[in-house]
Structure formats: C-alpha cells, structure tokens
Amino acid sequence: LKEEPFERGTHWAIARLAPAVPDHFTEAIPQLRNSLMDTDSHIRGYSLMALKSLGVDIESDMLKQLSDDDGEVRMYDFGSGELKTVKVKELV
C-alpha cells in the first residue's frame, strides 16, 4: 500500500474489492487506518471506502476530522458511467 506510484491504485482496488471478498483484506486494516491521515485526498477517500466495506469501526475523532475534509476524490461511477469528483466528507 505504500509504494509509489501505486498507492492510489492499490487503495482504490481494495475499496472496490473489499465488498466482494472482505476476508482477503483483514490484514490490510491497520495500514488502511493509517492511510486515513495521508496527505493525498484520494488515498484518504479510498481507505475510508475500504474500511466501511470491511465493517471496521472508525474512531469518533477520526470520523469528525474526515467529516470536515474538503479534499477531492475523482472516481468512476459504475452506475452512471461517469467520472465524478466527490469530497472525502461526502464519503463519510
């Protein structure tokens, strides 16, 4: 998860795959938690999505911080077929 230039891609992949095969990603939970504080808003957003898919409880102080996070995350919406930009706080 921490190897340039693959960080965004690996976090996105886990966020997409975690709902389908959650047992495959339990070992990544500590790293995903740490990624919630990354300077890259994409990594924060994808980590949040992955942790939510895995059913991981996120500490209230971290949730508060993410709820105020205006960082933008571009992602493909498979439902509409569009590339969209959302804020991290919208993913909370």
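I want to confirm something. Restricting to segment 79-92 and keeping residues that are among the hydrophobic types (A, V, I, L, M, F, W, C) and closer than 16 Å to residue 15 by Cα, which single residue is least open to solvent (accessible area, probe 1.4 Å)?
Just the residues of segment 79-92 that are among the hydrophobic types (A, V, I, L, M, F, W, C), to begin with: 83, 86, 88, 91-92.
Those left that are additionally closer than 16 Å to residue 15 by Cα: 86, 88, 91-92.
On the way: 86: 31, 88: 0, 91: 30, 92: 64 Å².
Residue satisfying both the conditions and the ranking: 88.
Of the residues in segment 65-79, how many are closer than 25 Å to residue 22 by Cα and not aliphatic (A, V, I, L, M)? Step through it out loud before you land on a result.
The initial filter retains those residues of segment 65-79 that are closer than 25 Å to residue 22 by Cα, namely 66-67, 73-79.
Pick out the ones that are also not aliphatic (A, V, I, L, M) and you get 67, 74, 76-79.
So the count comes out to 6.
All but one of (1) open to solvent by less than 50 Å² (accessible area, probe 1.4 Å); (2) among the aromatic types (Phe, Trp, Tyr); (3) part of a strand (DSSP E or B) hold for residue 76, so report the exception by its number.
Only one criterion in (1) open to solvent by less than 50 Å² (accessible area, probe 1.4 Å); (2) among the aromatic types (Phe, Trp, Tyr); (3) part of a strand (DSSP E or B) is unmet by residue 76, namely (1).
Taking the criterion of being open to solvent by less than 70 Å² (accessible area, probe 1.4 Å), within 24 Å of residue 30 (Cβ to Cβ) and of a type in the set (Asp, Glu), would at least one residue in segment 45-61 satisfy it?
So the first thing to find is which residues in segment 45-61 are open to solvent by less than 70 Å² (accessible area, probe 1.4 Å), and the list is 45-51, 53-56, 58.
Still in the list and also within 24 Å of residue 30 (Cβ to Cβ): 45-51, 53-56, 58.
Adding the requirement that they be of a type in the set (Asp, Glu) leaves none.
The answer is no, given that none of the residues of segment 45-61 is open to solvent by less than 70 Å² (accessible area, probe 1.4 Å), within 24 Å of residue 30 (Cβ to Cβ) and of a type in the set (Asp, Glu).
The values are calculated or read from the model by the stated rules, or taken from the named source; none is laboratory data. Because the structure is a prediction, the values reported are computed rather than measured. Heads up, the Cβs are rebuilt from the backbone with ideal geometry, glycines too, and the neighbour counts pull from every protein chain shown. Heads up: the accessible areas ignore ligands, DNA and RNA and are worked out on the full protein's heavy atoms, side chains in. Shrake-Rupley method; radii C 1.70, N 1.55, O 1.52, S 1.80 Å.
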